[in-house]
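Working notes, structure below.
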Number of protein chains: 2
Amino acid sequence: MERSDKKITIKDIAQLAGVSVGTVDRVIHNRGEVSEKTKQKVRKITEMLNFQPDVLASALASKKNVRFAILMPSANGEGTFWKYPMLGIDKALLEIEHYGVLYKKYLFSVSDKNTFIEQAEKAMMDHPDGLIMAPSFKKEATEIAELCAQRKIPVVLFNSSIDNQDHICYVGQDAFQSGLLAGKLMDYGSSENGEILIVSLMSLLQNNQYILARKQGFLHYFENKNERNLRLISLEIDGLDVGAIYHELRKAFSENPTIKGIFVTNSRVFQVARFLEAEKKTKVNLIGYDLTSENKPCLEKNMISFLINQQPLEQGYRAVNALFNKLVLKKEVPKEILIPIDIVTKENLKYYEEY
Amino acid sequence: MERSDKKITIKDIAQLAGVSVGTVDRVIHNRGEVSEKTKQKVRKITEMLNFQPDVLASALASKKNVRFAILMPSANGEGTFWKYPMLGIDKALLEIEHYGVLYKKYLFSVSDKNTFIEQAEKAMMDHPDGLIMAPSFKKEATEIAELCAQRKIPVVLFNSSIDNQDHICYVGQDAFQSGLLAGKLMDYGSSENGEILIVSLMSLLQNNQYILARKQGFLHYFENKNERNLRLISLEIDGLDVGAIYHELRKAFSENPTIKGIFVTNSRVFQVARFLEAEKKTKVNLIGYDLTSENKPCLEKNMISFLINQQPLEQGYRAVNALFNKLVLKKEVPKEILIPIDIVTKENLKYYEEY
DNA sequence: AATTTTTCCGTGTGCGTACACGAAATGAAA
DNA sequence: TTTCATTTCGTGTACGCACACGGAAAAATT
């Protein structure tokens, strides 16, 4: 039944090196006060035996806490997009609280740069040991990242990236690639000749860096390959008013009688689905984003062909986990964690419903 | 920055109850030797303060190990199907080894019931604290599950289920549903009128309970909905000989000139892909299973339209995790963990490549 | 040579829990 | 009351590690 090779402890190391456990500990954490000679000796033995300190005992013995600062948009009001990442963050934090991880959330508004600056400054004032940041405002976020790099505070970037390399890990999804994927799905499901509508239902409050990338990915797919001879038509609709949306869509259909499919670049695809249902245009393929409570029923009723899922909860979870691995477990973390781009349709929906 | 409400320890409880930590410990683990009166007193206080023993300190202090028995098919020889679940199991075991988890693997052959019985008996003889079992032989597995239930040994079922309820958790994927999904994808991508070929490349050694379920799911999709008027044709090919496979496929194509797509019920889809490439039939949609090293290049070259991914590594990981949560962390575990059925295509392949 | 300073290292305690051991309390029987 | 068995409970040690404290040895200063 056994399996564990009786684990080696610092006591074993100490004995083999002919020193005390205190000395071994000093070497391991290089906190000095050890002669070069014994340091080398201890180092050699720890490496030979591939000694790994017991994380449980470490966490228990070390009274000092690790402090995470979480700099993210608030989930209130401005769409529910940031709600799920936050849930993932909370889930991960709950799992690791025993390891002495403390945290504080600094929430800003995506529509107000000043709140970002203000919260970022607050976070830095508190001198955290690590930072998880959604860099909604590039320039300001870059400055924060640089400051952290100076102070040796590891930074995990969340959900959109900035140019410089002052972070240890980026967690996010590739919006361009997801657009490309949507293109593939649209192409695969279309018959020859006809129009494909690309609908961007914009809200001024929304982070449209994504939306743009998705659209570009979609377009790029057809630039490379358009064997079915499809015409792509862009339609941008500002505002949330249902009447206006329906009006625009109706106009598009009357101008283009052979629309084969519609790609909606965000989670508001359900509004288009309802339009299609109302107008009895059931043959039109519809592809959009996110497993929201509005979108799911549309998928089940076949009003939407595919939803592309960003696994928003997973993103938050992975971000916290990366920082935990770095700071507490001292493990290597990948420079980039890309969340899978899931294709969800009626037939596999139920396996993705856990959030 | 703080967050943790200074955690309460058994020492606190002891003080409040006017007893010693030893007594508190006895109450918590109900190992008797405590008068009813003080037991109630301590219980009340622990509940009032919602005391949760520190898992780290528990694991550290407890010398007694938790023993997992893992009863699975061997990965050698009979196809590589069981290799990945085993990797997932190993990954999970590695993460939790600090918690004093010991384990032993009892490997049997899926083609020899006696090896299952033999290994199962061995496992039970060793009196494990928990069992992870792939119930390849239903009747025998049911008996084992019943025996474990008697002995209060929690059982996690792996990858195929049995009827009775003597297990705490089932981890697996729904093969029928994945066939249904394949049907949807095939339907979505096909033009009207023509044939769809269902190819089962059977090997006698393989567990074909799955393969059957996948096929049935696929057929079921079209029983409900066949607006494109597609004719489904089954083709079963025994043996691994490439020549024979090509011969059968060629015959099918000559008999059915308008084949629109091919569904291969297992991971050997790459063989069909190579056939199609050789015969220059690039317009045929091809859907199959599993991200194997042979299949991936075919996906990248667009020879395969979609692969359905069972996340075999994830299954093993989740099974171990469930048992760990139950036995060590004493957390609730869901009765059923269904692994998502991922749709993988050229455009999102890279996010699934981690195994 | 006596002293101070610096470098280096061992010992001891604590983190929160588990559990063995033995002491005290209780109760029953003499 | 004494005696002994039983129940009930407190104390001490260990788990593996981190870190403070202080002391010995070596180096530097007088």
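Just a few scattered comments:
- Angle of helix A:312-327 to the longest C-alpha principal axis of chain A, folded into 0 to 90 degrees and rounded to 10: 20°.
- Database remark: amide H of A:Gly194 closer than 5 angstrom to the amide H of A:Arg231 (H placed geometrically; neighbours at sequence offset of 5 or more, or on other chains; Pro and chain starts carry no H).
- Förster radius 60 Å - calculated FRET efficiency between A:Glu192 and B:Lys63, Cβ distance, rounded to 0.05: 0.25
- Evaluating 6.51 cos²θ - 1.76 cosθ + 1.60 at θ = phi - 60° for every residue in the range A:31-47, the Karplus couplings come out as 10, x, 6, 9, 5, 4, 5, 5, 4, 4, 4, 5, 3, 4, 5, 4, 6 Hz, glycine and proline recorded as x.
- Using θ = phi - 60° in the Karplus curve 6.51 cos²θ - 1.76 cosθ + 1.60, the 3J(HN,Hα) couplings for the range B:248-260 round to 4, 5, 4, 4, 4, 5, 6, 6, 10, x, 10, 5, 9 Hz; x is entered for Gly and Pro.
- Helix A:269-278 and the longest principal axis of the Cα set of chain A meet at an angle near 30°.
- When B:Lys335 is represented by a point 7 angstrom out along its Cα-to-C-beta vector, the spacings to that point in the other copies are 4.9 nm, nearest first.
- The range B:206-263 and the range B:39-78: distance between their alpha carbon centers, rounded to Å: 49 Å
- Other protein chain Cβ atoms within 10 Å, averaged over every residue that makes up A:337-350: 6
- Dividing the helix sum by the residues of chain A, where each DSSP H run of 4 or more adds -39500 (n - 2.57), gives a mean residue ellipticity at 222 nm of -13500 deg cm²/dmol.
- Charge-dipole axis of the protein assembly as shown as Lys and Arg at +1 and Asp and Glu at -1 on Cβ define it, positive-most pick from B:Ser190, B:Val264, B:Pro85: B:Pro85
- Most to least packed among B:106-118, B:28-40 [average Cβ atoms within 10 Å]: B:106-118, B:28-40
- Amide H within-cut-off set for A:Arg67, under 5 Å, with H built and near neighbours excluded: A:Leu102, A:Asp129, A:Gly130
- Other protein chain Cβ atoms within 10 Å, averaged over every residue that makes up B:180-189: 4
- Subset of B:Lys184/B:Lys335; A:Lys326/B:Lys7; A:Lys335/B:Lys350 violating a 19 Å alpha-carbon distance limit: B:Lys184/B:Lys335; A:Lys326/B:Lys7
- Degrees between helix A:83-96 axis and first principal axis of chain A (Cα, 0 to 90, nearest 10): 20 degrees
- Per-pair calculated FRET efficiency, R0 = 22 Å: A:Asn256 and A:Glu279 via Cβ, rounded to 0.05: 0.95
- Phi to ³J(HN,Hα) by Karplus 6.51 cos²θ - 1.76 cosθ + 1.60 over the range B:333-350, Hz, x for Gly, Pro: 10, x, 5, 9, 10, 9, 6, x, 9, 8, 9, 10, 9, 3, 7, 10, 4, 5
- Per residue of peptide A:55-65, the mean number of Cβ atoms on other chains within 10 Å of the residue Cβ is 3.
- Antiparallel %, DSSP beta bridges [both residues in the protein assembly as shown], to 5: 5 percent
- Counting neighbouring beta carbons within 10 Å and listing from fewest to most, the residues B:Lys91, B:Lys215, A:Lys152 come out as A:Lys152, B:Lys91, B:Lys215.
- Taking all Cα pairs closer than 8 Å and separated by 6 or more residues, the relative contact order of the range A:10-53 comes to 38 percent.
- Put simply, the amide H of B:Met303, placed in the peptide plane, has no neighbours under 5 Å, leaving out anything fewer than 5 places away on its chain.
- √(5λ) per eigenvalue of the Cα gyration tensor, the range A:10-53, largest first, Å: 14, 10, 10
- Cβ-derived FRET efficiency at R0 25 Å, B:Ser111 paired with B:Ser234, nearest 0.05: 0.55
- Sparsely packed loop sites in the range A:287-353 (the trypsin sites (Lys or Arg not before Pro) outside DSSP H, G, I, E and B with at most 12 other Cβ atoms within 10 Å) comprise A:Lys301, A:Lys330, A:Lys331, A:Lys335.
- Under the criterion of Cα pairs below 8 Å and six or more residues apart, the relative contact order for the range A:219-355 equals 18 percent.
- Of all DSSP bridge pairs formed entirely within the range B:252-355, close to 35 percent run antiparallel.
- Counting DSSP beta bridges with both ends in chain A, the antiparallel % (nearest 5): 5 percent
- Distance between modelled label sites at A:Leu147 and B:Glu143, nm, 7 Å Cα→Cβ extension: 7.0 nm
- Between the range B:121-145 and the range A:284-349, the Cα center-to-center distance that results, in Å: 36 Å
Values quoted throughout were computed directly from the atomic coordinates according to the rules given, and no laboratory measurement underlies them. Here the structure is a predicted model, which is why all the values come from computation and not from measurement. A quick note on method: Cβ atoms are made from the backbone with ideal geometry, for glycine too, and the neighbour counts reach across all protein chains shown.
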